[in-house]
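First comes the structure, then the notes that go with it.
The values are calculated or read from the model by the stated rules, or taken from the named source; none is laboratory data. All values reported here derive from a predicted model rather than from experimental measurement. Backbone-built Cβ (ideal geometry, glycine too); neighbour counts: all protein chains shown. Only protein heavy atoms, including side chains, enter the accessible area calculation; ligands, DNA and RNA are left aside. Shrake-Rupley method; radii C 1.70, N 1.55, O 1.52, S 1.80 Å.
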Amino acid sequence: MQVVITGVSGGIGKALAEYYLEKGNQVIGIGRNNTIDHDHFHFVTCDLRDLDKVKNLDLNLSDEPILLINNAGVLGKVRRTVDQDIESLQEVFEVNVLAAMIMTGKMAALENQLTIVNISSGAGKNPIPSWGAYCASKAALDMFSKVFYLEEQERGRNTKVYSIAPGVVDTKMQTTIRAVDEENFSQKQRFVDLKNMGQLSNVKEVARKIHRMLSLAFNEEMIICSVRDLVD
Ligand SMILES: NC(=O)c1ccc[n+]([C@@H]2O[C@H](COP(=O)([O-])OP(=O)(O)OC[C@H]3O[C@@H](n4cnc5c(N)ncnc54)[C@H](OP(=O)(O)O)[C@@H]3O)[C@@H](O)[C@H]2O)c1
């Protein structure tokens, strides 16, 4: 299996890349920055906001099965919609939704056996004030996952599709959340408390759980899922 992952410079994406490299898979990372050096790792430089470039990326894939993990994501500026700016709204939808849809379409155009994993969020189901674009983008990713699954069924393809919420994970994104000022983000203290109480998941553990999720027998009910659904 060849594993294609977006956003591998740190956080969950890097942990997933390292997890699959350790398992002996060929991994192709796509993103702006790279910190992985491994014989079975190939990095393709791409700002995922450049959607034409995403569409035309040459990934040099073989005919082995493909696991595409649309992991790259941004929170955008954390502030109420009344104070929001267009640039931040655009960035969130380009990276979190449009690049993922384009990458998925690219892979679907190939003959390979395909598994798509969209890294979603509980924020796609539960509204959080000042995260308007982020919450809406993850809800969009969840719905897109369901639509794409049906399309693959219509095409007679046995594609598996998942939109997985990883829980609250100790990454740069959480550092950013804790650094926002309270005036713009009423729930800041909740995230500070989670960190102080040691409640954030570790990226390696999350990568392992995501893989465990994929190794369960797939059915349509599993498309929208969370690593929290797994019983240890
Ligand atoms: N951490 C959590 O608690 C949590 C909870 C729920 C869901 N998630 C989701 O998990 C995924 C990974 O997040 P994380 O927590 O690991 O955050 P992170 O550490 O901030 O990593 C985000 C990754 O996305 C990449 N990225 C962002 N903008 C990009 C762009 N324009 N082009 C290419 N790559 C870009 C970043 O690369 P560079 O900046 O180096 O280019 C980085 O590799 C995201 O989809 C996030 O929404 C995270």
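Remark: pairs (first residue in the range 167-188, basic (K, R) and at pLDDT 95 or above; second residue within 7 Å of the ligand (Cβ to nearest atom) and part of a loop (DSSP other than H, G, I, E, B); Cβ separation under 7 Å; 6+ apart in sequence or on different chains) = K172/G10.
None of N70, N33 is open to solvent by less than 30 Å² (accessible area, probe 1.4 Å), closer than 27 Å to C135 by Cβ and not aliphatic (A, V, I, L, M) except N70.
For the residues A136, A109, A100, the requirement of being of a type in the set (A, V, I, L, M, F, W, C), crowded, with 18+ Cβ neighbours inside 10 Å and more than 12 Å from the ligand (Cβ to nearest atom) singles out A136.
When R228, R190, R212 are screened for being touching a Leu at 6+ places or on another chain (Cβ under 9 Å) and either in a strand (DSSP E or B) or open to solvent by 40 Å² or more (accessible area, probe 1.4 Å) (or both), only R212 passes.
Of all residues in the range 37-94, those satisfying the criterion of being away from the ligand (no atom under 15 Å from the Cβ), of a type in the set (S, T, N, Q) and assigned to a loop (DSSP other than H, G, I, E, B) are N60, S62, Q84. Within the range 48-78, being farther than 20 Å from T176 by Cα and without any contact (Cβ under 8 Å) to a residue 40 or more places away in the chain holds for D50, D52, K53, N56, D58, N60.
Please work out if M143 is closer than 20 Å to I210 by Cα and surrounded by fewer than 18 Cβ atoms within 10 Å (Cβ to Cβ).
For M143, the condition - closer than 20 Å to I210 by Cα and surrounded by fewer than 18 Cβ atoms within 10 Å (Cβ to Cβ) - is met.
If you go through the range 141-150 and keep only what is more than 16 Å from the ligand (Cβ to nearest atom) and touching a residue at least 40 places away in the same chain (Cβ under 8 Å), you end up with K146, F148, Y149. For V117, the requirement of being within 12 Å of the ligand (Cβ to nearest atom) and open to solvent by less than 10 Å² (accessible area, probe 1.4 Å) is met. Among the residues that make up the range 132-150, is at least one of them in contact with a helix residue (DSSP H, G or I) (Cβ under 9 Å, 6 or more places away or on another chain) and outside any helix (DSSP H, G or I)? Checking the range 132-150: not a single residue is in contact with a helix residue (DSSP H, G or I) (Cβ under 9 Å, 6 or more places away or on another chain) and outside any helix (DSSP H, G or I).
Restricting the range 3-27 to residues that are open to solvent by less than 10 Å² (accessible area, probe 1.4 Å) and in a strand (DSSP E or B), the residue that is nearest to the ligand (Cβ to nearest atom) is T6.
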